[in-house]
Amino acid sequence: MTPMPFTLFLPCAGGVENFLADEVHGLTGLAGEDLLTLRGGVRVRGDWALVLRLNLLSRLAQRVLIELAAAPYRDEHDLYRLASGVAWEDWFTPRQSFRVDLTAQASPLRSLNFATLRVKDAVADRFRQQAGGVRPSIDTHAPDVRVQAHLGAERALLYIDTSGEPLFKRGWRQDKGDAPLKETLAAAMLAACGWWQPAERRVAGVPLYDPCCGSGTIVIEAAQLALGLPAGGQRRFAFERLRPFDAAQWHAIQKEAAAEARVEAPPIQVFGSDVAHRMVDFAQRNAERAGVARAVQLRGGDALQRLPPADRPGVLLMNPPYGERIAAAGVAGQGRGREAFQSGTLARQRHDPRPDADAAEINAGDEFFTRLAAHWKAHYAGWTAWLLSPDPKLPARLRLKETRRVPLWNGPIECRLLRFDLR
Ligand SMILES: C[S@@+](CC[C@H](N)C(=O)[O-])C[C@H]1O[C@@H](n2cnc3c(N)ncnc32)[C@H](O)[C@@H]1O
């Protein structure tokens, strides 16, 4: 493949753009016009080798897309023309399957389905003309190749996706638990709280503790960072099926990344615990598959009772139980005669027909947070707690005043990562 520079777009969750720009800068040294922070992602100028490296190493990008065409458009004919002009045959063969995904923001077109169809037709027709009547088939479930179209108010962009499965799928998670965070969001929390400094490719030298760790997403991301392991070391990528793919080049990039890993495990400073022992087992198995079992310590236990796991203050980082269907378990939930609040049970509720059920759940949640804050004040002086939650009343429930507030989107849900300084 020619080393000519491409324009890449790396989409990310809302609120993560600046952290992603820092991460790409740290990984590549790019800056200025070669690394632009946009809404919903960053635009990068780079070659094919960079595409491979970013897929392998980025913890914050959702995908790595290569821009193949961009032009003003007014209707579906313009989209068809734009897509017909792309040399798709340089990227894949008519024996491979593909699908087209389309995103839009303020597009004047009435039917996005029809727009998607026209892009798909243009790709297929181009192959039919170029390859003697043979055209690639469509596969919407497991395509070899994903084409991405984005429609703005006046401009259309066409990309080829080099990632395939979104990058939050690191390849190590088999045990999910009930409400796992996306790995990309866990990494964004680590950057937002400052424990991970992506621009410097460094982690802070203080303990990190998630006392409601669930399946272990936050602690596994943290431990991989501490060990210098690549985010995508255990997965495959769509670029492996694209024509420019060169296995020798890819192996060299993988080898280079592996050489950066720490051979010696650092003294353990990443800790997780959860009241549900089933979740701790999940987290342990996930940690083993992620190659970090030696760098993280996982325990069972109630967040309202566990004492600091380290002998010096550090960072508490968590997404606590929240929402209608998940309530706090452990001592704050005991004695209510409700299955969900019994110690050690995972508090996932089915519909409770009693009229006072929701109020009881909210009160139990309040009690959990009041007791959590009291426990932290008594035992965690000097620690900094960061909690991700969509609940605007969380500081009131904790009866603590936050000292920072970072907006982060969890899919379509607007959350805030709140910082509390424990004295
Ligand atoms: C929203 S989930 C966290 C998900 C986790 N970040 C992950 O990625 O899997 C909240 C977790 O809090 C745990 N939990 C509920 N009450 C608890 C308590 N009193 N002490 C410790 N953990 C608790 C639940 O078992 C659940 O795993």
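Packing order of peptides 92-101, 214-223, 29-38, highest average first: 214-223, 92-101, 29-38 (average count of other Cβ atoms within 10 Å over each peptide's residues). What angle do you read, to the nearest 10 degrees and between 0 and 90, between the alpha-carbon axis of helix 277-289 and the longest principal axis of the chain? Result, in degrees: 40. When the convex hull of its Cα atoms is viewed from all sides, the chain shows a mean projected area of 22.4 nm².
Each residue of the range 292-302 was assigned a 3J(HN,Hα) from its phi angle through the Karplus curve 6.51 cos²θ - 1.76 cosθ + 1.60 (θ = phi - 60°); the sequence is 10, 4, 6, 10, 9, 10, 10, 9, x, x, 7 Hz, with glycine and proline shown as x. Computed per residue of the chain from DSSP H runs no shorter than four, each worth -39500 (n - 2.57), the mean residue ellipticity at 222 nm is -9500 deg cm²/dmol.
Applying both filters, DSSP loop and at most 15 other Cβ atoms within 10 Å, to the trypsin sites (Lys or Arg not before Pro) of the range 25-66 gives R39. When the alpha-carbon atoms of the range 207-330 are used, the pair Rg, Dmax equals 17.4, 56 angstrom.
Dipole size of the range 45-110 about its Cα centre, with +1 on Lys/Arg Cβ and -1 on Asp/Glu Cβ: approximately 280 debye, rounded to the nearest 20. Starting from the amide H of A69, placed 1.01 Å from N in the peptide plane, find each other amide H under 5 Å away whose residue is 5 or more places distant or on another chain. Result for A69 returns L158. Full extension of the chain between Q234 and L117 gives 38.7 nm of extra length, using 0.36 nm per residue less the Cα-Cα distance.
Here are some pairs, K120/K176; K176/K401; K182/K255; K169/K401; which of them have Cα atoms lying more than 31 Å apart in this structure? In this structure, K120/K176; K176/K401; K169/K401 exceed 31 Å between Cα atoms. One decimal place: the segment I138-A153 gains 2.6 nm when fully extended, by the rule 0.36 nm per residue minus the C-alpha distance. A crude spin-label estimate for the pair K377 and R201, with each label 7 Å from Cα along the Cβ direction, gives 4.5 nm. Annotation: the range 11-139 has a Kirkwood hydrodynamic radius of 16.6 angstrom, from the mean reciprocal C-alpha pair distance.
Loop-resident GluC sites (Glu not before Pro) (DSSP state other than H, G, I, E or B) in the range 87-184 with no more than 13 further Cβ atoms inside 10 Å of their Cβ: E154.
We did not get these values from a lab; they are worked out from the coordinates using the rules stated. Please read these numbers as outputs of a predicted model, since none were measured by experiment. With ideal geometry, Cβ positions are generated from the backbone for all residues, glycine too; neighbour counts draw on all protein chains shown.
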